[in-house]
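Okay, so here's the structure we're looking at.
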Amino acid sequence: MNADITGINRVIMGRLPHGSDLLDELAAICEREGVNLGQISAIGAMQKARIGYYNQESRRYEHLDINEPVELLSLTGNVSMRDNKIAVHAHVTLADRQCRAFGGHLSQGTVVFACEYVIVGFEGSALHRKYDEKTGLPLWDKP
Ligand code: ZN
């Protein structure tokens, strides 16, 4: 399933508010700026984090809460539609005080200390997420 991308609609670069929820805030910006198809990247520092690992056997996310400050080495993600709402899907690489890296699927509950982001909004037909029987995940499908 491909998006028919015909160009770049807009590029938004900025900083997230201290204390905001990383995932919710990125989705809110996309909503506000009318980006429903796009790419996101970010770096910064988080007060705490919640990341997920998708267990392919049980078909459920297992979450890990990191209740200490961490560096956000890298966030990479995309923007598409799910249930007619803008959905951000992002993965993060974090590092602890000893600069050890780990990461996973970004979940709500990751709180911004400071964060710089770039959102690239594409011109083209939106991609829609639908439940996929094979994986149990909401994957891109025909609209
Ligand atoms: Zn994921």
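Miscellaneous remarks
- Percent carbon-and-sulfur accessible area, the chain, ignoring ligands, DNA and RNA, probe 1.4 Å: 48 percent
- Put a dot 7 Å past the Cα of Thr6, heading toward its Cβ, do the same for Glu31, and the two dots end up 2.8 nm apart.
- For region 98-105, Karplus couplings with θ = phi - 60° (6.51, -1.76, 1.60), whole Hz, Gly/Pro x: 8, 6, 8, 9, 7, x, x, 6
- Here the scattering of the chain is modelled by Debye summation over its C-alpha atoms, one equal scatterer each and no solvent; at q = 0.14, 0.15, 0.19 Å⁻¹ the log10 of I(q)/I(0) is -0.67, -0.77, -1.14.
- Here the sum of -39500 (n - 2.57) over DSSP H runs of 4 or more residues, divided by the residues of the chain, equals -2500 deg cm²/dmol at 222 nm, to the nearest 500.
- For the chain, leaving out every one of the GluC sites (Glu not before Pro) that falls in a DSSP loop and has at most 12 other Cβ atoms within 10 Å, the longest unbroken run is 58-132.
- Structure remark: mean-square fluctuation, Gaussian network model of the chain, C-alpha springs under 10 Å; the largest value among Asn67, Asn36, Asn78 belongs to Asn67.
- Average Cα contact separation per residue, the chain, under 8 Å, 6 or more apart, as relative contact order %: 37 percent
- Around the Cα centre of the chain, unit charges on the Cβ atoms of Lys, Arg, Asp and Glu (plus for the first two, minus for the last two) sum to a dipole of about 100 debye.
- For region 49-109, applying the loop criterion from DSSP together with a ceiling of 14 other beta carbons within 10 Å to the trypsin sites (Lys or Arg not before Pro) yields Arg59, Arg97, Arg100.
- Summed side-chain charge close to Asn84 - residues other than Asn84 whose Cβ falls under 13 Å, Lys, Arg +1, Asp, Glu -1: +2
- Considering only the chain, percent of DSSP beta bridges that pair antiparallel, nearest 5: 95 percent
The values are calculated or read from the model by the stated rules, or taken from the named source; none is laboratory data. Just so it is clear, the model here is predicted, and its values are computed rather than measured. Cβ atoms come from the backbone with ideal geometry, glycine included; neighbour counts cover every protein chain shown. Calculation scope for accessible area: heavy atoms of the full protein, side chains included, ligands and nucleic acids excluded. Shrake-Rupley method; radii C 1.70, N 1.55, O 1.52, S 1.80 Å.
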